[in-house]
1. Sort 111, 66 by Cβ crowding within 10 Å, fewest neighbours at the top.
2. Going by C-beta contacts inside 10 Å, put 80, 75, 113 in order with the fewest on the left.
3. Can you sort 13, 29, 37, 115 so the residue with the fewest Cβ neighbours within 10 Å comes first?
4. Where both residues lie in the chain, what percent of DSSP beta bridges are antiparallel, nearest 5?
5. In degrees, nearest 10, range 0 to 90: what is the angle between the Cα axis of helix 42-54 and the longest Cα principal axis of the chain?
6. Taking every pair of alpha-carbon atoms in segment 3-66, what share in percent sits in each 5 Å bin, from 0 to the bin with the longest distance?
7. To the nearest 10 degrees, how steep is helix 3-20 against the longest Cα principal axis of the chain, on a 0 to 90 scale?
8. Would segment 36-110 count as rounded, prolate or oblate if I go by the C-alpha gyration tensor, calling it rounded below 1.5 in a/c and otherwise prolate when a/b exceeds b/c, oblate otherwise?
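Bear in mind that the values in this text are calculations on the coordinates, not laboratory data. Worth saying up front: this structure is predicted, and the values here are computed from it rather than measured. FYI the Cβ positions are ideal-geometry reconstructions off the backbone, even for glycines, and counts take in every protein chain you see.
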Ligand SMILES: [Zn+2]
Ligand SMILES: [Zn+2]
């Protein structure tokens, strides 16, 4: 594949993540990217996502029981809200942080955590 074509596809994938500002499945990325690169294939989207992860521009978001999702790499620590009705995943600001560490058994050292909230998003509640 000529490099300029591959760069254009990678850019379209990156823009899709930027526009949506939420963790997206590869299929969702493909649908958005197709607006600027008509006919972009899923394999190409995966390749572009992999390359964005390798360069540190994107990260993989893996929620229990969910398809892997991708989001732009942020330099701030954050968590996700998963809507049980529409299946969308949203970013949340804030973190209980040190409060979580108090749940660990006595004498244990905590060095990380995963927090996912489940429920219904504002749009599904409306
Ligand atoms: Zn929803
Ligand atoms: Zn946290």
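1. Sorted ascending by nearby Cβ count, the order is 111, 66.
2. By the 10 Å Cβ count, ascending, the order reads 75, 113, 80.
3. Sorted ascending by nearby Cβ count, the order is 115, 37, 29, 13.
4. 70
5. Taking Cα atoms only, the helix is inclined about 60 degrees.
6. For segment 3-66, the binned pair fractions read 4, 19, 33, 25, 13, 4, 1, 0 percent.
7. 40
8. It is prolate, given that a/c is not under 1.5 and a/b is the larger ratio.
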